[in-house]
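In what follows, a single structure is set out as structure tokens and then discussed.
The numbers here are math on the coordinates, done by the rules we state, and not lab data. Note that the coordinates shown come from a computational prediction; the quantities given were computed from them, not determined experimentally. Using ideal geometry, Cβ is built from the backbone for each residue, glycine included, and neighbour counts are taken over all protein chains shown.
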Amino acid sequence: MNKRWLIITVEWVAVFLLLFLIYRENIFTPGSRTPEQAHRLSESGFHYGPSTIVRKVTVPFDKNQVIFLGTYKEWFSADSVQKRRGGWVAGGGVAGIKIERDKGLSYSWEGSSMSNVDQRTFYKFYGYVSDERILTVELLMTDKETGQPAPMRESITADHMFLFLWEAEYGSSEWQSLRGLDKDGNVIYEQKFG
Amino acid sequence: MRAMNLVFTLLRRFILAALVIILIVHYISKVTNDWDRGNGDTIASLQADGEVVAISIDKSFPIDNDTFTANAVYVTPKQIMVTYEFHSKQTKGVWTFPAMSLKLITPDGQELLSHSAGSNGTTWGSIGYISFDVPDKPVGSAKLVYDIYGRYGELEIPLVKAGDGT
């Protein structure tokens, strides 16, 4: 009888040992539990940061995607993390972009396809404003099909950063310019596209 | 009672077997993933340039908690290729080592341009190569520098005959 209990005990211990190994090898849990953890791991895995998070933004049209706006020394970034199979994993944009102080406004953008089926593209346009006079940043775009203007606009607050998020058919809008305006609406900074 | 015991024993052994199978499959895929992850093909293709001089380096510098190791340098009349290994302690959220961030600088200050790089991910990090142009004037060595986002690492690369046209 004693021998039987010994075997049962050993077998249960083995089960827990194997479960621990499976946990440690991340077989079923490839991601992190929180978006913050995934963001931190993505940065340290890229040898950047740790950045100071100035804003955490959940993408309005995709709840499984979170963006961290942040700065680190002379760089700024908008790091995306995504929820996959229940865990948070790194998306794009972990790398810092240099803040060009003499220009007053530094920006970067990326477009990524949202599905393999159609041409829907997710756009992330972000930047850092170092010129104190710039209180509003606007991205002027036109819908190619209708010819209607479709601008994006954001007021600059204490965190100096702006973020435009939208989804569209790839190449469906024409970008005119990125402008930085002062309190009276005068153009302080302008970058023309196309 | 006896029947119950039998059911429990079967259940326990079934769980054990299932876990063992999951782990075995995982470890096998891990090991096979690391096979053929060398720079062998790239090194062989250097023969097309002409004479290849291979010099072992085996020097490292740390980047945060990780380690960059330059394995060897291959000098041909057309290029200087450095092979490397990158060992990462982190297991989640790891990015491929950005080899294009590496600079090769000669003692007289010329920064050699890089046109190609390649890497393969492994279970412990990545393994790869990066090619640079040959210098204008022949040099006996050059400095390989990693300098980005406040991290800095450098090591000396011996270069025999690089750029002297022989």
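Some observations on this one:
- Candidates are the residues of region B:73-89 that are within 14 Å of chain A (Cβ to nearest Cβ) and of a type outside the set (A, V, I, L, M, F, W, C); the one that is surrounded by the fewest Cβ atoms within 10 Å (Cβ to Cβ) is B:LYS89.
Residues are listed down the side, and each one gets a yes or a no for (1) free of Cβ contacts under 8 Å to residues at least 12 places away in the same chain; (2) outside any loop (DSSP other than H, G, I, E, B); (3) surrounded by fewer than 16 Cβ atoms within 10 Å (Cβ to Cβ):
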site: A:ILE7; (1), (2), (3): yes, yes, yes
site: A:LEU19; (1), (2), (3): yes, yes, yes
site: A:ALA38; (1), (2), (3): no, yes, no
site: A:LEU41; (1), (2), (3): no, yes, no
site: A:SER44; (1), (2), (3): yes, yes, no
site: A:GLY49; (1), (2), (3): no, no, no
site: A:PRO60; (1), (2), (3): no, no, yes
site: A:PHE68; (1), (2), (3): no, yes, no
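- Test: residue in region B:130-146 that is hydroxyl-bearing (Ser, Thr, Tyr), surrounded by fewer than 19 Cβ atoms within 10 Å (Cβ to Cβ), in contact with a Ser or Thr (Cβ under 7 Å, 6 or more places away or on another chain) and under 30 Å from A:ASN26 (Cβ atoms): no
- All positions within region A:87-127 that are away from chain B (no Cβ under 14 Å) and either among the small types (Gly, Ala, Ser) or closer than 11 Å to A:GLY180 by Cβ (or both): A:LYS103, A:GLY104, A:LEU105, A:SER106, A:TYR107, A:SER108, A:GLY111, A:SER112, A:SER113, A:SER115, A:GLY127
- B:TRP95 satisfies every condition listed in (1) touching a strand residue (DSSP E or B) at 6+ places or on another chain (Cβ under 8 Å); (2) more than 10 Å from every other protein chain (Cβ to nearest Cβ) except (2).
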